[in-house]
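Please treat every number below as a calculation from the coordinates, not as lab data. As the structure is a prediction and not an experimental result, all values here were calculated from the model. Every residue, glycine among them, receives a Cβ derived from its backbone with ideal geometry; neighbour counts consider all protein chains shown.
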């Protein structure tokens, strides 16, 4: 009688233990699968972005280096400035747009300290933030690495994806932003703090005229507050 009761209890314990182990393994297995799927999807988008950038660079006309220097007239010999002439604005570098699930890819963000690199999307909808980094401000931003403050949003999934490890960053760490022209600007962190979800001072903050800055925003690990990082071009 005693042995039968003991055996039943042991059987129940083993069943519960096995179910628990399977559940834990299943959870971590799903997390790894989801993390890999996000990174693979992001890498595909960045590969397409890099291909578009390289195509634009390849299509740009190059200076003719085969001309005989003696056949080239010095423009200063005949140029006479016209005081009434209106200055012509130089054309901006061409870009070729790429998309990720219908969202325009404005560029890429790379943080060497945390080892992440992801596409930057022009929007910050629920889905956009599930697959990449989104631009919160300015609204309808057309190009990265322009003077002013650009606010970038990224989830903290506490698994290394997106901005999960931003808490490891310190002042002096660098953030690299590549725009659609292929230009990469290095930003240096100079301010880190936590604040409430209702605080929008990071959007309205003033920056030095003509200087490029970025703000990274993500949730704290407990999802109660927001971790803010300010960085300025080197």
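If you project the alpha carbons of segment 103-148 onto the principal axes, what extent comes out on each, in Å, largest first?
Each principal axis gives a Cα extent; for segment 103-148 these are 29, 28, 14 Å.
With a Cα-only, solvent-free Debye model of segment 171-214, what are the log10 I(q)/I(0) values at q = 0.15, 0.25 Å⁻¹?
Normalising to I(0) and taking log10 leaves -0.53, -1.07.
In which sequence would 212, 234 go, from the one with the fewest C-beta neighbours within 10 Å to the one with the most?
In order of increasing Cβ crowding within 10 Å: 234, 212.
Segment 110-209: D in µm²/s via Stokes-Einstein (Kirkwood Rh, Cα pairs, 37 °C, 0.692 mPa s)?
Diffusion coefficient, whole number: 227 µm²/s.
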